[in-house]
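Let me begin by presenting the structure, written as structure tokens, before commenting on it.
Quick note: the coordinates plus some simple rules give every number you see, no bench work behind them. Since the structure is predicted, the reported quantities are computational estimates derived from the model, not experimental observations. Cβ placement follows ideal geometry from the backbone for every residue including glycine, while neighbour counts extend to all protein chains displayed.
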Amino acid sequence: MTKENCDAPPADRYPSQPSHVTALELPVPPRESLPPDLQKYFRICDEKIGFLPNVLAAYSFDEKKLRAFIGFYNELMLEDSPLTRLEREMIAVVVSSANRCYYCQVAHGQAVRELSGDPALGELLIMNYRAAALTPRQRAMLDFAHKMTVSPDAIVAADRAELRAAGFDERSIWDIASVAAFFNLSNRMATAIDMMPNAEYHASNR
């Protein structure tokens, strides 16, 4: 997949980052060949964030996979939940940090900066979330997401009890687990195909 196909910024903007979107040579259809609803969705991305995230460009070779990704992502990260959007993005960053997923650390680190208004928080969560000044609720949430990622077989009833003690109800625990599980999937896919984040993420909300 070439950067030209996906309207990526010039390669020399961040010369240390590889210029491809993914390392796979899969066909990327032009936007005008996509169904009208997907064209509209891509235009909304352009309007709201200023560019099309590379993950969407990467999935666009297969309409079914693209729709599945968009639907699951939007339901988990944007629809109603007991978790705030910032809390969900914090989970995404901590899981991605544990998995050392470059794409998601960059993209969701930027989202944490934007939603929190704190330029340092995204980096703290990436480097070592335990070093951040977190509330007890946030720490319990991120401890659970981190444990789910690095040792999921070790999750026991006491871990869920700690979330309840921190103020999370049953639906909240479901959503914490769902977001952590989704990003474990997404991280592994992005790493396997060497997906690169849009250059715009790097300087945003600093």
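The table below gives the values:
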read-out	value
For region 15-20, Karplus couplings with θ = phi - 60° (6.51, -1.76, 1.60), whole Hz, Gly/Pro x	x, 6, 8, x, 7, 7
Over region 85-192, relative contact order from alpha-carbon pairs under 8 Å, at least 6 apart, %	36 percent
Mean Cβ count within 10 Å, highest first, over the residues of peptides 127-137, 190-200	190-200, 127-137
Under the Karplus curve 6.51 cos²θ - 1.76 cosθ + 1.60, θ = phi - 60°, whole-Hz ³J(HN,Hα) for region 79-84, x wherever Gly or Pro sits	7, 4, 7, x, 8, 6
For region 168-206 versus region 94-141, the gap between their alpha-carbon centres in whole angstrom	11 Å
Global form of region 85-192, assessed from the alpha-carbon gyration tensor, a/c cut-off 1.5	oblate
Using a Förster distance of 22 Å, the FRET efficiency for Leu78-Trp174 (Cβ separation, nearest 0.05)	0.85
Protection-proxy order for peptides 173-184, 89-100, 145-156, each taking the mean of Cβ atoms within 10 Å per residue, highest first	89-100, 173-184, 145-156
For a label point 7 Å along the Cα-to-beta-carbon line of His202, residues of region 113-152 with backbone N under 20 Å	113-114, 119-127
